[in-house]
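The values are calculated or read from the model by the stated rules, or taken from the named source; none is laboratory data. All values reported here derive from a predicted model rather than from experimental measurement. Glycine gets a Cβ as well: all are built from the backbone with ideal geometry, and neighbour counts include every protein chain shown. Surface accessibility is based on the protein's heavy atoms, side chains included, excluding ligands, DNA and RNA. Shrake-Rupley method; radii C 1.70, N 1.55, O 1.52, S 1.80 Å.
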Amino acid sequence: MSMSKYDFALDMETDNSVSQILRNTRPNSDVLEIGCAHGRMTKYLREQLGCRVVIIERDGAAGRAAANFASDATLVGEELGDVEKDGWREHLRRLRASFDYIIFADILEHLFHPERALAHAVEFLKPEGSVWVSVPNLAHNSVLIELLQDRFEYRNVGLLDASHVHFFSEQSLLKLVHVAGLRLLRRLDPIQWVTHTELKNSYAELPPAVAEFLKARKNGEVYQFVWELKRRASATPSG
């Protein structure tokens, strides 16, 4: 997966997954940022919020760029930076690290075993800490419009990003959260109207009755789920 396509400029003016998470991160916090790419969030966390940030990034070039804004504990590359391996956990255990926030911003959909990565991260969450996750909503109406017309074409980025290996609806994400030993505290799901997505379709392509049904759907125009999670009282850290 090429990381260059994810080297976006930081947009704090609109409601998107990154801006929502950053606006709701307390200054001067300890943060574990998983899948930091080139460090657009990392830079803001450190320079604007004064946070201490540990990064995990598999892509070496992107991780080295982000390391300019991270703490000394940077986990970058195929071994320490791959959240689906165990190197990062062993390293953080040696450091006795714990965090106020653990951030999976648009990462879980790229993992083969997202439930395992999320559950393992909980081990390093402070008792009152939060996990922030954001994932695209596969059940967005623009995707359904495609399917209803027998179309399913991957895109470079967005809801049908070709590098996604997992897809989520609200119910599948809730299941993942539960399996990881977490609970949903609040959601800040950004809306993207059908005509404004990268799929470039519209309700006008459908019979009126079908279009009206889709318009009435819960989460039909939720573009991403952006959720703050807490550890469940009955949950114990994974081994």
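Determine, yes or no, whether R94 is assigned to a helix (DSSP H, G or I), farther than 25 Å from L185 by Cβ and modelled with pLDDT of 95 or more.
The answer is yes for R94.
What are the residues in region 117-128 that are more than 17 Å from the chain's Cα centre (by Cα) and crowded, with 19+ Cβ neighbours inside 10 Å, if any? Answer for region 117-128, where residues must be more than 17 Å from the chain's Cα centre (by Cα) and crowded, with 19+ Cβ neighbours inside 10 Å: just F124. The residue of region 33-50 that is surrounded by the most Cβ atoms within 10 Å (Cβ to Cβ), among those that are more than 19 Å from the chain's Cα centre (by Cα) and assigned to a loop (DSSP other than H, G, I, E, B), is L49. Here G63 meets each of (1) over 22 Å from G129 (Cα atoms); (2) small (G, A, S); (3) open to solvent by 30 Å² or more (accessible area, probe 1.4 Å); (4) touching a strand residue (DSSP E or B) at 6+ places or on another chain (Cβ under 6 Å) with one exception, condition (3). For region 106-137, give me the residue count where each residue is part of a strand (DSSP E or B), out of contact with any Leu (no Cβ under 9 Å at 6 or more places or on another chain) and under 27 Å from Q192 (Cα atoms). Going through region 106-137 one residue at a time, the tally reaches 0. Against the numbered list (1) buried (at least 18 other Cβ atoms within 10 Å of the Cβ); (2) touching a residue at least 40 places away in the same chain (Cβ under 8 Å), L75 comes up short only at (2). Residues of region 162-205 that are farther than 28 Å from P127 by Cα and of a type in the set (A, V, I, L, M, F, W, C): A162, V165, F167, I191, W193, V194, L199, A204.
Where residues in region 154-183 are open to solvent by less than 60 Å² (accessible area, probe 1.4 Å) and either of a type in the set (S, T, Y) or assigned to a strand (DSSP E or B) (or both), which of them is farthest from H113 (Cα to Cα)? Per the criteria, the residue is R155. For region 58-80, the count of residues that are among the β-branched types (V, I, T), under 17 Å from the mean Cα position of the chain (by Cα) and modelled with pLDDT of 95 or more is zero.
Pull up region 138-153, narrow it to residues that are of a type outside the set (D, E, K, R) and in a loop (DSSP other than H, G, I, E, B), then point me to the one that is least open to solvent (accessible area, probe 1.4 Å).
Here the answer is H140.
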